[in-house]
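Engineer: Sharing a structure, written as structure tokens. Questions coming.
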Amino acid sequence: MGQGFENRRCGAGDDGTLVRVHLTHNELAVLAGVGPLVGVAIGAFWNSKTQKTVSKATAENQAAAAKAAIESQQSIAERGWQAQQRQAADHRVWTERKSVYVKALEHIARGALFRDTVTAGGQDPDANYDPTTDEWVLRQVELDAWASQEVFVLADASNRAHFAWAGEFLNWKTWRAERAAESRGEVPPSGEDFGTVNRELADRVEKAKEAADLFDQRLREAIRAELQGGSAQQ
């Protein structure tokens, strides 16, 4: 067989007929050497492509992680800022509220003393206690702005009760002044029994004072509870 070995392979000729191709030992050796090289090249190609895919995925994951970390830090910073704003607002509300409450307690004490003394027939023991309409309105506005809902409602009820007492007292005082003028002959006699009517009017004043005192007590207790508790209720 020529040089001792001959490999034959069938192939197609130009006219489509099968032809035999004769490969020598050297040709076979070359083909044998090329095969592994081709395999190595293909493997290297796929390894490179896989490495690129992995690198791209890793880069995308890192970018996503970095973005998430930034968003998380921004969220934490925003929550921290909001918490600081709420804390500052709460501190201001509580500071203003304490000042308004202390003035309200003073007003309650002086008003109660005024009712007690005047109802008993004495003179106003506090010559400086003569709040004008504007001062009453200002006090109410301050409570409206800074007081808790409970204290504001109680303060409004306390004010109304005080004015109800004042109305009953002025009515009694006016009636007594008219009877005094009657006794001096300055006005025609009314024909009323002085003792009976005077007692009825005095009772109305006393009941109004008791109601005002009760609302003052409830308001005072609510304010003291908040001040001594040290927390601003809504």
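Engineer: Could we say that Gly167 is of a type outside the set (D, E, K, R) and exposed (fewer than 12 other Cβ atoms within 10 Å of the Cβ) here? Show your work before the answer.
Structural biologist: Numbers: of a type outside the set (D, E, K, R): yes; exposed (fewer than 12 other Cβ atoms within 10 Å of the Cβ): no.
The answer is no for Gly167.
Listed here are the residues, each with its yes/no results for (1) within 24 Å of Glu96 (Cβ to Cβ); (2) part of a helix (DSSP H, G or I).
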residue: Trp136; (1), (2): yes, yes
residue: Val141; (1), (2): yes, yes
residue: Ala161; (1), (2): no, yes
residue: Arg179; (1), (2): no, yes
residue: Val187; (1), (2): no, no
residue: Gly191; (1), (2): no, no
residue: Ala208; (1), (2): no, yes
residue: Ala212; (1), (2): no, yes
residue: Leu227; (1), (2): yes, yes
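Engineer: Still on this structure, I have one more. Quick one: which residue in Asp134, Asp144, Asp126 is charged (D, E, K, R), modelled with pLDDT under 95 and over 34 Å from the mean Cα position of the chain (by Cα)?
Structural biologist: Asp126
Engineer: In addition: Does any residue in the stretch 81-102 that is of a type in the set (Phe, Trp, Tyr) come within less than 9 Å, Cβ to Cβ, of a residue that is at pLDDT below 60 six or more places away or on a different chain, and which pairs are these?
Structural biologist: Matching pairs, first to second residue: Trp94/Gly230; Trp94/Ser231; Trp94/Ala232.
Engineer: Looking at the structure I just gave you, is Gln217 out of contact with any Pro (no Cβ under 6 Å at 6 or more places or on another chain) and closer than 17 Å to Gly111 by Cα? Please lay out each step first, then the result.
Structural biologist: Working: out of contact with any Pro (no Cβ under 6 Å at 6 or more places or on another chain): yes; closer than 17 Å to Gly111 by Cα: yes.
Criteria met by Gln217.
Engineer: Keeping to the stretch 138-162, report how many residues are surrounded by fewer than 18 Cβ atoms within 10 Å (Cβ to Cβ) and either farther than 15 Å from Glu210 by Cβ or touching an Asp or Glu at 6+ places or on another chain (Cβ under 7 Å) (or both).
Structural biologist: Looking only at that region, the number is 11.
Engineer: Additional query: Can you find a residue that is at pLDDT 90 or above, of a type in the set (Gly, Ala, Ser) and in contact with a Leu (Cβ under 7 Å, 6 or more places away or on another chain) anywhere in the stretch 159-169?
Structural biologist: Within the stretch 159-169, none of the residues are at pLDDT 90 or above, of a type in the set (Gly, Ala, Ser) and in contact with a Leu (Cβ under 7 Å, 6 or more places away or on another chain).
Engineer: Report, by residue number, each residue of the stretch 143-159 that is small (Gly, Ala, Ser) and part of a helix (DSSP H, G or I).
Structural biologist: Ala145, Ala155, Ala157, Ser158
Engineer: Among the residues of the stretch 171-193, write down those that are modelled with pLDDT of 90 or more and of a type in the set (A, V, I, L, M, F, W, C).
Structural biologist: Trp172, Trp175, Ala177, Ala180, Ala181
The values are calculated or read from the model by the stated rules, or taken from the named source; none is laboratory data. Bear in mind that the values here come from a model prediction, so they are computed numbers and not experimental data. Every residue, glycine as well, gets a Cβ built from its backbone with ideal geometry; the counts of neighbours run over all protein chains shown.
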